[in-house]
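Down below is the structure, laid out as structure tokens.
The values are calculated or read from the model by the stated rules, or taken from the named source; none is laboratory data. Remember, it's a predicted structure, so these values are computed and weren't measured experimentally. Cβ sites come from the backbone with ideal geometry, for glycine too, and all protein chains shown count toward neighbours.
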């Protein structure tokens, strides 16, 4: 008896597609998620000189300065020349910083400008909203990484030929996703741009710089070596560097597991907060 209305509807519309003009959203709204993703990408690409090329140039300055200041007399770290050692670390550092900058801006800008409804009203699920914001941030991170790789490959005395492409892609993805999720969490919590700047200055910046970007943690005292191992940014930088120089001061497998587990945990927290509407919905 319950099947009679459905059978009648099928008889009235025998075609497998809905009537023209009737919106149908199935399990995943891929067109909607894609539209939001492209919106976020186009937003930072409109000012790509500031969002992609300027960070690449700034990070390249770090390479030049530290190479001239500390890389003289054939200095090596982990058995590789100093410029080759710090180049991958600077690359992933730039990627992670810009991933955070992108994801921490979207919802916060909506709060400040009164356009947050543009993210909440479209027929997007919480997962689709979170996926689009994080994917756009990762896209910006890889664009910055690509610009840095080109600049460093052309710079004399620096060798950035990939040795393990899987490690470059995996740890680049995990590192960018980590700061992207932290950025989403920051944009949910923050009430003004000063709050996001504080997280960047007092959390992201120190954790990135003190994670073995310019040095090997093997040269540290046991206490500071243990602190470095507690820093998840260390695993992203160490694993990413392994993809270029085949040398690492950390466990690549352990780093992969730590980053994956932390990204899953952060994604669950962001999903729960977005679904609840904490500090977003009235």
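All conditions in (1) modelled with pLDDT of 90 or more; (2) in contact with a strand residue (DSSP E or B) (Cβ under 6 Å, 6 or more places away or on another chain) hold for residue 216, with the sole exception of (1). Can you pull out the residues in the stretch 49-64 that are closer than 30 Å to residue 122 by Cβ and free of Cβ contacts under 8 Å to residues at least 24 places away in the same chain? Listed by number, the residues that qualify are 49, 50. A single entry from 87, 147, 151, 161 fulfils the requirement of being farther than 30 Å from residue 277 by Cβ, outside any helix (DSSP H, G or I) and in contact (Cβ under 8 Å) with a residue 12 or more places away in the chain: 161.
Evaluated against (1) modelled with pLDDT of 90 or more; (2) surrounded by fewer than 17 Cβ atoms within 10 Å (Cβ to Cβ), residue 96 falls short on exactly one condition, (2).
Of all residues in the stretch 192-204, those that are at negative phi have Cβ atoms under 6 Å from Cβ atoms of residues that are part of a helix (DSSP H, G or I), 6 or more apart or on another chain, in 196/108; 196/186; 199/186; 204/100. Within the stretch 59-73, is there a residue that is more than 30 Å from residue 202 (Cβ to Cβ) and either part of a helix (DSSP H, G or I) or at pLDDT below 90 (or both)? Yes; the residues of the stretch 59-73 include at least one that is more than 30 Å from residue 202 (Cβ to Cβ) and either part of a helix (DSSP H, G or I) or at pLDDT below 90 (or both).
So is residue 123 in a loop (DSSP other than H, G, I, E, B) and either without any contact (Cβ under 8 Å) to a residue 40 or more places away in the chain or farther than 30 Å from residue 68 by Cα (or both) or not? Yes: the conditions hold for residue 123. Residues of the stretch 64-94 that are in contact with a strand residue (DSSP E or B) (Cβ under 8 Å, 6 or more places away or on another chain) and farther than 17 Å from residue 211 by Cβ: 71, 74, 75, 82. Checked against (1) modelled with pLDDT of 90 or more; (2) within 26 Å of residue 80 (Cβ to Cβ), residue 249 meets all criteria but (1).
Counting the residues of the stretch 101-120 that are within 17 Å of residue 197 (Cα to Cα) and in a loop (DSSP other than H, G, I, E, B) gives 2. Does residue 264 qualify as being surrounded by fewer than 22 Cβ atoms within 10 Å (Cβ to Cβ) and assigned to a helix (DSSP H, G or I)? So residue 264 passes the test.
Filtering the stretch 267-282 to residues that are over 18 Å from the mean Cα position of the chain (by Cα) and assigned to a helix (DSSP H, G or I) leaves 272, 273, 274, 275, 276.
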